[in-house]
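*Asks:* Can you read through this structure? Questions will come right after.
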Amino acid sequence: MHTTAVVIGAGQSGLAMSRCLSERSIEHVVLERCEIANSWRKDRWDSLRLLTPNWQCRLPGHSYGGPDPDGFMTMPEVADFISEYAKLIAAPVMSGVTVTSVRRLDDGYLVAADQGEWRCRAVVLATGAFNLPVVPPFASALPSRVTSLTPMEYRNAEQLSDGRVMVVGASATGVQIAAEVRRSGREVLLSVGEHVRGPRMYRGRDIHWWMEAAGVLDERFDEVDDIVRARRVPSMQLAGSDERATFDLNALTHIGIKLVGRFAGVSEGRAQFSGSLRNKCELADLKLGRLLNTIDEWATTSGLDDSIAPPHRFEPTRIDSSPPLGIDLSSGEIETIIWATGFRPDYSWIDVDVLDNKGMIRHEGGIVESPGMYLLGTPFLRRRKSSFIDGARVDAEDLISHLSSHLDSCASAGG
């Protein structure tokens with residue numbers, strides 16, 4: 001089969017690009033291995049809600065129009081929002097099509113799938129950045145009696161045994177799961193490495209309102225000193241809840257969660273923790289202060305100080321004077337470990353020389369080194385908000401110009 005462009009993935013990024021392609025009358029197809037918005041339906045735990053307020057759910061030509069703009073959609077609601085968008089834009093989605101390879105041709109690409117092959121001038125990789133959970137290699141050394149789960153396997157606290165639980169990782173996923181498990185009555189140990197502290201509310205408004213208004217979320221990939229580092233920064237410790245509660249480490253210790261340092265390894269059945277917990281927390285506190293300074297400066301410049309709550313600062317992160325550096329996993333003290341240690345994309349099906357030595361795609365703001373290939377839906381792709389629904393919108397609107405220029409060049413060359 002022949003088409004001008006193939007979009008791989010029918011989540012928010014793939015559909016945003018589909019709308020942009022249609023607006024320019026570019027023939028294309030969207031290939032989806034399961035169903036539209038599948039990861040929102042199948043790969044999240046039961047209670048999860050969006051980290052961003054509903055008003056921030058914007059895609060090309062469409063935005064949230066429901067009754068609760070300041071609320072946070074559940075995962076089924078997000079899946080419905082994206083599915084309805086696909087219908088609204090009449091996206092040419094082919095569901096149940098698993099792409100097995102993408103290869104370079106002289107005049108474009110060959111996209112092979114279990115349902116056929118497509119020849120195209122351009123291909124857009126919109127499969128997302130959260131395909132595979134990252135679990136450290138030393139997890140294989142855990143005693144057999146310890147149950148090990150990833151966030152893709154965790155659904156709710158009822159599936160866990162009654163014993164003590166250790167959650168590894170203190171970004172958005174880790175703090176939310178740790179809090180939920182603790183509220184179920186279980187003792188929880190949280191292993192903390194690098195993290196980004198953030199309040200849900202500041203000066204009477206949602207932190208995402210402030211970061212958008214002050215331009216923080218729109219910071220571009222070519223405006224930061226180290227974009228590779230910026231793309232690895234953990235997600236802010238936020239959760240979507242009706243109470244608009246803060247989920248920082250102080251909130252967790254307040255409900256009885258114990259903190260330890262980064263899980264560094266397992267030796268003879270004993271978990272080993274880094275001694276850097278205090279330093280990691282102090283660094284997160286420092287970065288929070290810098291963010292709030294940026295917000296306060298913008299509020300003053302914008303003349304808002306007289307109409308909103310005054311600036312304030314949050315209590316430094318509280319930690320025990322001597323957190324343990326190890327714990328015996330063979331003793332039964334820990335029944336379950338949940339690895340909230342991040343995710344990585346799966347590009348094993350790409351047969352084009354665009355992957356670095358870590359299996360990540362080499363690109364410049366979503367423009368891949370191979371002409372006519374584009375990437376969407378990964379952290380800080382073009383802006384700090386690239387991994388959000390609203391980020392998919394603006395990134396697609398940016399990249400469509402380059403994609404269209406590429407197609408024009410192909411036409412001019414007679415290829």
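What follows draws every value from the coordinates through simple rules; no lab data is involved. Values in this document were obtained by computation on a predicted structure and should not be read as measured data. Methodologically, a virtual Cβ is constructed for each residue, glycine included, from the backbone with ideal geometry; neighbour enumeration extends over all protein chains shown.
*Asks:* If you stretched the chain out fully between GLN272 and VAL233, how much longer would it get, using 0.36 nm times the residue separation minus the C-alpha to C-alpha distance?
*Replies:* 11.7 nm
*Asks:* May I ask you to order 175-185, 135-145 by the average number of other C-beta atoms within 10 Å around their residues, highest value first?
*Replies:* Taking the mean over residues of other Cβ atoms within 10 Å, the ranking is 175-185, 135-145.
*Asks:* What FRET efficiency comes out for the pair ASP222/ARG362, r = Cβ-Cβ distance, R0 = 22 Å, nearest 0.05?
*Replies:* Using R0 = 22 Å, I get an efficiency of 0.90.
*Asks:* To continue, here is another question. In degrees, nearest 10, range 0 to 90: what is the angle between the Cα axis of helix 75-88 and the longest Cα principal axis of the chain?
*Replies:* 10
*Asks:* Just from its helices, what would the mean residue ellipticity at 222 nm be for the chain, if runs of 4 or more DSSP H residues each count -39500 (n - 2.57) and the sum is divided by every residue, rounded to the nearest 500 deg cm²/dmol?
*Replies:* Mean residue ellipticity at 222 nm (helix-derived): -8000 deg cm²/dmol.
*Asks:* Find the relative contact order for the stretch 112-207 and round it to a whole percent, using C-alpha pairs within less than 8 Å whose residues are 6+ positions apart.
*Replies:* Value for the stretch 112-207: 20 percent.
*Asks:* What is the dipole size for the stretch 141-339, taken about its Cα centre, with +1 at each Lys and Arg Cβ and -1 at each Asp and Glu Cβ, in debye to the nearest 20?
*Replies:* Rounded to the nearest 20 debye, it is 480 debye.
*Asks:* Over the Cα atoms of the stretch 1-76, how large are the radius of gyration and the largest Cα-Cα distance (Dmax), in Å?
*Replies:* 14.6, 45
*Asks:* I would also like to ask the following. Which percent, nearest 5, of DSSP beta bridges in the chain are antiparallel?
*Replies:* Among the beta bridges of the chain, antiparallel pairing accounts for roughly 50 percent.
*Asks:* For a Förster distance of 56 Å, can you work out the FRET efficiency between the beta-carbons of ASP328 and GLU27, rounded to the nearest 0.05?
*Replies:* Between ASP328 and GLU27 the formula returns 0.35.
*Asks:* So how tilted is helix 172-183 from the main axis of the chain? Cα-based, degrees 0 to 90, rounded to 10.
*Replies:* 40
*Asks:* Any idea what the relative contact order of the chain is, in percent, if you count C-alpha pairs under 8 Å spaced at least 6 apart?
*Replies:* 23
*Asks:* Here's a follow-up. Run the quick spin-label model on SER161 and LEU355: label points 7 Å from Cα toward the beta carbon, then report their separation in nm to one decimal.
*Replies:* With each label point 7 Å from Cα toward Cβ, the separation is 3.7 nm.
*Asks:* Taking Rh as the Kirkwood radius, which is the inverse of the mean 1/r over Cα pairs, what is the Rg/Rh value for the stretch 141-339?
*Replies:* In the stretch 141-339, Rg relative to Rh is 1.01.
*Asks:* Another question about this same structure. Between ASP408 and PHE138, what is the spin-label point distance in nm, taking each point 7 Å from the Cα along the Cα→C-beta axis?
*Replies:* 5.5
*Asks:* Give me the angle, in degrees from 0 to 90, between the Cα long axis of helix 389-412 and the longest principal axis of the Cα atoms of the chain, rounded to the nearest 10.
*Replies:* Compared with the principal axis, the helix lies near 30 degrees.
*Asks:* Here's a follow-up. Write down the Kirkwood hydrodynamic radius of the stretch 1-153, to one decimal in angstroms, obtained as one divided by the mean of 1/r over all alpha carbon pairs.
*Replies:* Every distinct Cα pair counted, the radius reaches 17.3 Å.
*Asks:* Could I have the simple spin-label model distance between HIS312 and GLU369, label points 7 Å from Cα toward Cβ, reported in nm to one decimal?
*Replies:* Placing both labels 7 Å beyond Cα along the Cβ direction yields 5.1 nm.
*Asks:* Taking Cα centroids, how far is the stretch 104-133 from the stretch 282-336 in Å?
*Replies:* Spelled out, the Cα-based centre of one part sits 42 Å from the other.
*Asks:* What do the square roots of 5 times the Cα gyration tensor eigenvalues come to for the stretch 309-415, in whole Å, largest first, as semi-axes of the equivalent ellipsoid?
*Replies:* 44, 23, 10
*Asks:* Per 10 Å bin, what is the whole-percent P(r) computed from every C-alpha pair distance within the stretch 75-175?
*Replies:* 10, 27, 25, 23, 13, 2
*Asks:* At a threshold of 8 angstrom on Cα-Cα distance, excluding pairs fewer than six apart, so keeping six or more, what relative contact order does the stretch 141-339 reach in percent?
*Replies:* 36
*Asks:* Once you have all Cα-Cα distances for the stretch 189-235, histogram them in 5 Å bins from zero and send the whole-percent values.
*Replies:* Calculated P(r), rounded to whole percents: 5, 16, 18, 23, 18, 13, 5, 1.
*Asks:* From the phi of every residue in the stretch 294-304, what ³J(HN,Hα) in whole Hz does the Karplus formula 6.51 cos²θ - 1.76 cosθ + 1.60 yield, where θ is phi - 60° and glycine or proline is x?
*Replies:* Computed from phi, the couplings for the stretch 294-304 are 4, 5, 4, 4, 5, 4, 5, 4, 8, x, 9 Hz.
*Asks:* Okay, moving on. Hey, if you drop one equal point scatterer on each alpha-carbon of the chain and run the Debye formula without solvent, what base-10 log of I(q)/I(0) do you get at q = 0.10, 0.11, 0.13 Å⁻¹?
*Replies:* Evaluating at q = 0.10, 0.11, 0.13 Å⁻¹ gives log10 I(q)/I(0) of -0.74, -0.88, -1.18.
*Asks:* Give me the three principal axis extents of the stretch 329-386 from the C-alpha atoms, as integers in angstrom, largest value leading.
*Replies:* 56, 28, 15
*Asks:* Still on this structure, I have one more. Would you grab the residues whose amide H sits under 5 Å from the one on ARG383? Only those 5+ places off in sequence or on another chain, please, with H modelled 1.01 Å from N.
*Replies:* Excluding prolines and chain starts, which carry no amide H, the hits are PHE221.
*Asks:* Now for a different question. To two decimal places, what compactness ratio does the stretch 169-218 give when its Cα radius of gyration is scaled by 2.2 N^0.38 Å?
*Replies:* 1.45
*Asks:* Starting from the Kirkwood radius over alpha-carbon pairs of the stretch 32-80, derive D by Stokes-Einstein at 4 °C in a medium of 1.567 mPa s and give it in µm² s⁻¹.
*Replies:* Estimated via Stokes-Einstein, D reaches 112 µm²/s.
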